[in-house]
Structure formats: structure tokens, C-alpha cells
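Rule-based calculations on the coordinates, nothing more; no lab input. On a predicted model such as this, the values are computed, not experimentally measured, just so you know. Using ideal geometry, Cβ is built from the backbone for each residue, glycine included, and neighbour counts are taken over all protein chains shown.
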Amino acid sequence: MRHRVKGNKIGRTASHRKATLSSLATGLILNKKIKTTDAKARALRPLIEGMITRAKVDSVHNRRIISESINDKEAVKTLFSEIAEKVGDRPGGYTRIVKLGKRQGDAADIAIIELVDFSGSVEKKPVKKRTKKEEVTTPVKETEESEIKDAEVIEETVVETKEESTTEADDTESSQQEKKDE
Amino acid sequence: MPNPKRKWSKSRRDKRRTHYKASAPALSTCSNCGEMKLSHRACPSCGYYAGKSIFIPES
């Protein structure tokens, strides 16, 4: 019988679970969108929803209650200013969980949990798009760098041959001429 | 204590195991890009779910 059994212990001791959920809540508040396992996202949801509901009324008492479960002053600030302002009068349901599929490695169900009111604003500046642009530009840079490197290497060999020229004058002159021909 | 009288042969063991089969995942087409995707999950090729962009795919 599954009577009065609530929530998921996510395989952790009470203190470990508290720390995990606190960390996830901080990450979600600061980034508005996090990718984690489906089980952790669903364990986080009731916690973060309760926090946002409390953050709608800005008072010293409420800030202290939130600070009990979040050990990050910046996160508490953004929760009470930015998030509480944007959420406005939404009557609960502040988060959205979308499943992504299985993770390669341990086949864990992966999901994205995001704040509904911030869902559009985060996507406008994705980090992955920047890497795309870098990939397009970097090959050109790499070729230039490789040419420069080759030039430096040739110069170094010339210098070495000059150093050798102190001992063996005749041989080095011929080697330098060969290098120049190359 | 009652015990099995005979060892079950490899044949009998393997015959039992003929019904152990992996089933193909029930895929559906993505409404955004038309690729095959698992239902109730974001599309891995375009990152859309329920008409919304959930993530931007890497490639």
C-alpha cells in the first residue's frame, strides 16, 4: 500500500537530499532553466514552487525563511526582485518540466526544468549558438596560425644552422642555401 | 526440503529464454521537423516540444 507516501528520496540521506535540492534550487533561480534528471526535477518542483509563492510577499521574515533552504545571497535577491516581479499574479504552476530522453552512460531520464515566465527570454541568448559561430571562424584562424608556426620553425632551423656555422662553416652555408630554396 | 530431481538442460533453459525480446521503441513523427521522436519527450533533432523550442540542438 502506498498510503501517505509522498515525494522521492532520490536515493540520498536527509542531509544529502537537502543539499542537492538546495543546490538545484539555486541553479534554477540564477539560470532560470536547468537540465537534470527527471527524478531530481520532479523532487525540486514542489520546493521551488513554494519558494516562489513565498517570494511574492517581500518581507524580512519571508527572506529569512527562504534563506534557510538556499545558501546563496544572490539567489535570494534575484528570487525576491526579478523572479517575484515577473511571476506577478500567476496562481502557482511556475515551473515547466520537459523530458529529453535517456542519458548515454547510465540511461537516466533527463529533463529540463524551467521557470515558465522566463522560458522565452533565456533562449534568446544560448551559449551553444556562440560555439557554432566560433566553429565557423576558428578553422580560418587555425590555418593562419599553422602557417605562422611553420614560418617560425623555419627561422629556428636557420638560427640553429648559424650556430653550427661557428664550428663547421662550409657545411652550414650549403644547408642554408638549401633551406632558402625550399 | 524438496529439491529439483534433474538439472534443467541448456535446451530447456534456452527455450524459456526465447520469449526474452527487446521491443522497438514506439516512435512518432515530430510536428516541427518531421524526424522520428519518442512521445512525451522533446525532439532530439530540433529541440521542440508542444510547438515550443525547449533547447537549441548542438549541430
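The table below lists the values:
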| quantity | calculated |
| --- | --- |
| Loop-located trypsin sites (Lys or Arg not before Pro) in chain B, at most 15 other Cβ atoms within 10 Å (DSSP) | B:Lys5, B:Arg6, B:Lys7, B:Lys21 |
| Exceeding the 18 Å Cα-Cα cut-off - candidates A:Lys6/A:Lys33; A:Lys18/A:Lys99; A:Lys32/A:Lys86; A:Lys56/A:Lys77 | A:Lys6/A:Lys33; A:Lys18/A:Lys99 |
| Flagged links, alpha-carbon separation over 21 Å, of A:Lys40/B:Lys21; A:Lys9/B:Lys52; A:Lys40/B:Lys52; A:Lys9/A:Lys35 | A:Lys40/B:Lys21; A:Lys9/B:Lys52; A:Lys40/B:Lys52 |
| Where N is the number of residues in chain B, Cα Rg divided by 2.2 N^0.38 Å | 2.19 |
| Mean-position separation - Cα centroids, the stretch A:53-67 and the stretch B:1-51, in angstrom | 47 |
| Coordinate range along principal axes, alpha carbons of the stretch A:1-123, Å, largest first | 42, 34, 27 |
